[in-house]
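Here is the structure we will look at.
Just so it is clear, none of the values below were taken in a lab; they were calculated from the coordinates. Quick caveat: nothing in here was measured; it's all calculated off a predicted structure. Cβ: placed from backbone, ideal geometry, glycine included. Neighbour counts: every protein chain shown.
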Amino acid sequence: MCALLTPEVSVITAFFNEERFLSEAIESVINQEYTNWELILIDDGSSDSSTMIARFYANAYEGKIIYIEHEGHANKSTAASRNLGISKARGELVAFLDADDVWEPAKLLKQIKLMRTHKQAAMLLEASDYWYSWDVPPRQDIIVQVGGEKDRVYETPELAETLYPLGKGAAPCPSAIMVKREALIRLGGFESMFTGKYQLYEDQAFLMKFYLNETIYVSSQCNNKYRQRTGSCVQWVRKEGSYHVVRKYFLNWMDLYMQHHNIRYSKVQRLLSRAMDQYRRPVLYFMRSSLSKIQKKVLQVK
């Protein structure tokens, strides 16, 4: 496949030891109906055969698929790896594909059409297929829509108020996102301080910057499969019992981010303050949590 001089969309896939799934993710980009893309594979210090797999595709699709890594083949985090990919991107648009997810063949074509139609939007979000059926024994897949009204443009800071982690609406998955590269550069990409267990919230910090600063289009379409599997960051953090530590870290980051950039939205500030209250008053939070558990046990007995 010959590379085009200037791809319209750059696909960013950061990976770390994903030998089981990386080929399937790459093939889902190669099989896109829309062909004016480049795929940037960022190796975050892998020690398994995923490095070899990525290099193979980069050699087979020279100029179309690009392999890069951190200096010294270092492991630096998903956020740092995505930022490295963004720094090499040439496309006007950027899409993210996690190394264990896959895209439907029409994903780029449909999203690019929407971005062309809604030119005021810096970012596009769509639903995701929570993909259980790939595994054995198979389970039923579930399509999860982004919270709130679909197929419309949202101005700042509506999505910050309605979507997780401050609101109740479901947040998008990284593989469901398309964004303008100039907006990525303007907002500084991903937050590299979200490393280790804090990577659980690195995508939420990235999204929150857009919710607070940019116009966003939310689509009801679903063109990506979000693989559900054991050993994920979510499962690791919850098993470790450190979810609230990670959430507190994010809330503190958001508070400082809004202060530093002089962002003042009263409803967002109230929601953030309410979320932080449970950590400012740990004893009261513990009592409420314990009371809730007791009430659940009483109801079960009844």
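Per residue, how big is the convex hull around the C-alpha atoms of the range 9-232? Give it to me in cubic angstrom, could you?
Details: hull volume 26.7 nm³, N = 224.
Convex hull volume per residue, Cα atoms: 119 Å³.
In debye, nearest 20: dipole of the range 51-137 around its Cα centre with unit charges on the Cβ of K, R (+) and D, E (-)?
Dipole size: approximately 520 debye.
Might you report the magnitude of the Cβ-based charge dipole of the range 9-232 about its Cα centre, with Lys and Arg at +1 and Asp and Glu at -1, to the nearest 20 debye? Mind dumping the intermediate values first?
Details: 24 positive and 31 negative charges, 89 e Å.
It works out to roughly 420 debye.
With springs only between Cα atoms under 10 Å, which of Gln32, Gln145, Gln259 fluctuates most in a Gaussian network model of the chain?
The residue that fluctuates most here is Gln259.
Taking Cα pairs under 8 Å and at least six residues apart, what relative contact order does the chain come out at, in percent? Don't skip to the end; give the middle numbers.
Details: 535 pairs, mean separation 57.3, N = 302.
Here the relative contact order equals 19 percent.
Given axes a ≥ b ≥ c from the Cα gyration tensor, I'd like to know whether the range 47-97 is rounded (a/c under 1.5), prolate (a/b larger than b/c) or oblate.
Values: a/c = 1.98, a/b = 1.07, b/c = 1.84.
The shape class here is oblate.
Taking the highest mean first, how do the peptides 97-107, 68-78 order by number of other beta carbon atoms within 10 angstrom per residue?
Working: 97-107: 21.2, 68-78: 15.5.
Ranked by mean Cβ neighbours within 10 Å, highest first: 97-107, 68-78.
Quote the FRET efficiency, to the nearest 0.05, computed for Val245 versus Arg270 with a Förster distance R0 of 25 Å and r equal to the Cβ-Cβ distance. Each step should come with its number before you reach the end.
Working: r = 24 Å, r/R0 = 0.94.
Once rounded, the FRET efficiency stands at 0.60.
In Å³ and rounded to a whole number, note down the convex hull volume per residue for the Cα atoms of the range 37-165. Don't skip to the answer; put the middle values down first.
Values: hull volume 21.4 nm³, N = 129.
Spelled out: Cα convex hull of the range 37-165, divided by residues, is 166 Å³.
Go ahead and run the numbers for FRET between Ser23 and Tyr132, Cβ-Cβ distance against an R0 of 22 Å, rounding to 0.05. Could the numbers behind the result be given before it?
On the way: r = 21 Å, r/R0 = 0.93.
About 0.60, to the nearest 0.05.
Which order do the peptides 242-249, 178-185 come out in when sorted by mean C-beta neighbours inside 10 angstrom, highest first?
Values: 242-249: 16.4, 178-185: 18.8.
Listed from highest to lowest mean packing, they are 178-185, 242-249.
Going down the list Lys168/Lys225; Lys113/Lys225; Lys150/Lys225; Lys64/Lys248, which pairs span over 29 Å between their C-alpha atoms? Mind showing how you got there, number by number?
On the way: Lys168/Lys225 22 Å; Lys113/Lys225 20 Å; Lys150/Lys225 19 Å; Lys64/Lys248 41 Å.
Going by Cα-Cα distance, Lys64/Lys248 fall outside the 29 Å limit.
With a ≥ b ≥ c taken as the square roots of the eigenvalues of the C-alpha gyration tensor of the range 89-196, please select rounded if a/c is under 1.5 and otherwise prolate if a/b is larger than b/c or oblate if it is not?
Working: a/c = 1.41, a/b = 1.32, b/c = 1.07.
Rounded.
With unit charges on the beta carbon (Lys/Arg positive, Asp/Glu negative), name the residue among Ala58, Pro172, Ile26 whose Cα is farthest towards the positive pole of the charge dipole of the range 9-232.
Of the options given, the answer is Pro172.
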